[in-house]
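Trainee: One structure follows; several queries about it will come next.
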Amino acid sequence: MARARARWDNLAKPVGSLGELESYLVRVAGLLGTEYVAFGKRAVLVFCADNGVTKSGVAATPASITATMAGIIAEGRSAVGLMAKRAGADVFAFDMGMFTRVEKPNLADCRIAAGTRDMTCGPAMTRGEVQRAIETGMELVRGKKAEGYGLLATGEMGIGNTTSAAAAAAALLKLPASETTGRGAGLI
């Protein structure tokens, strides 16, 4: 990290002029063990799944939109596809558990289940499903690393995801739901 900091300080620019970007790059250099940060190939992995809590009416958008959007992402016609293209990153879409199967060449079938169950009526997933989902994600990352990808960003697509994320954050952070919950996408 010291070598990386010295390198950045000696470039033809005012010292520290890139602010936090320089700090992040120095930290990344430390993680990579080199003063020269180069990520090589870049990719965005988009994990698509349906959230059973939509059956409780928590979303303004019907759950069927998840499958539609997954297809659009796989075709490269989504906002993430356009931004990734601009950044020189490839996009990979994965069906981790949508209610409806979508047959698209660039949408990999990694289904754990046909969506989650409604968490307001009981557990959304079994312990085994959670474990398989985590292990599948790890395998996908290892595979992309083996394909030469040096920088991965992850994202998700799934109607009802705001509710699921807020519930998970509340549980993990031991906060009341009122502190982790806000308006979902598309709500006024």
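Trainee: Select from the stretch 104-133 the residues that are in contact with a strand residue (DSSP E or B) (Cβ under 9 Å, 6 or more places away or on another chain) and closer than 20 Å to residue 65 by Cα and list them in ascending order.
Mentor: Answer for the stretch 104-133, where residues must be in contact with a strand residue (DSSP E or B) (Cβ under 9 Å, 6 or more places away or on another chain) and closer than 20 Å to residue 65 by Cα: 104, 106, 107, 108, 109, 110, 111, 112, 113, 114, 115, 116.
Trainee: Could you tell me whether the stretch 142-149 includes any residue that is in contact (Cβ under 8 Å) with a residue 24 or more places away in the chain, of a type in the set (Lys, Arg) and at negative phi?
Mentor: yes
Trainee: In the stretch 27-57, what residues are farther than 25 Å from residue 134 by Cα and surrounded by fewer than 20 Cβ atoms within 10 Å (Cβ to Cβ)?
Mentor: Selection gives 27, 30, 33, 34, 35, 36, 37, 38, 40, 56, 57.
Trainee: Here's a follow-up. Quickly run through the stretch 107-146 and pick out the residues that are surrounded by 12 or more Cβ atoms within 10 Å (Cβ to Cβ), in a loop (DSSP other than H, G, I, E, B) and either of a type in the set (A, V, I, L, M, F, W, C) or touching a Phe, Trp or Tyr at 6+ places or on another chain (Cβ under 7 Å) (or both).
Mentor: Matches in the stretch 107-146: 110, 112, 113, 114, 115, 119, 124, 125.
Trainee: Return yes or no: is residue 155 under 30 Å from residue 28 (Cα atoms), modelled with pLDDT under 95 and not in a loop (DSSP other than H, G, I, E, B)?
Mentor: yes
Trainee: Right, something else. Within the stretch 35-66, count every residue that is over 22 Å from residue 111 (Cα atoms) and not hydroxyl-bearing (Ser, Thr, Tyr).
Mentor: 11
Trainee: Between 102, 91, which is without any contact (Cβ under 8 Å) to a residue 60 or more places away in the chain, assigned to a loop (DSSP other than H, G, I, E, B) and in contact with a helix residue (DSSP H, G or I) (Cβ under 6 Å, 6 or more places away or on another chain)?
Mentor: 102
Trainee: Hey, among the residues in the stretch 74-106 that are of a type in the set (Val, Ile, Thr) and within 25 Å of residue 168 (Cα to Cα), which one's surrounded by the most Cβ atoms within 10 Å (Cβ to Cβ)?
Mentor: Top of the filtered list is 80.
Trainee: Helices (runs of 4 or more DSSP H) wholly in the stretch 1-82 with at least 1 residues that are β-branched (Val, Ile, Thr), farther than 14 Å from residue 156 by Cα and outside the structural domain of residue 143 (by TED's automatic domain parsing) - which ones?
Mentor: Per the criteria, 20-32.
Trainee: Looking at the stretch 69-102 only, could you name the residues that are within 20 Å of residue 136 (Cα to Cα) and among the charged types (D, E, K, R)?
Mentor: Within the stretch 69-102, 90, 95, 101 qualify.
Trainee: Here is a further query. From the list 143, 155, 160, 150, exactly one residue is in the same structural domain as residue 109 (by TED's automatic domain parsing) and more than 22 Å from residue 97 (Cβ to Cβ). Which is it?
Mentor: 150
Trainee: Here's a follow-up. Within the stretch 148-188, which residues are of a type in the set (D, E, K, R) and exposed (fewer than 11 other Cβ atoms within 10 Å of the Cβ)?
Mentor: Across the stretch 148-188, the qualifying residues are 174, 183.
The values are calculated or read from the model by the stated rules, or taken from the named source; none is laboratory data. Predicted model only: the values in this text are computed from it and were never measured. Neighbour counts are summed over all protein chains in view; Cβ atoms, including those assigned to glycine, are modelled from backbone coordinates with ideal geometry.
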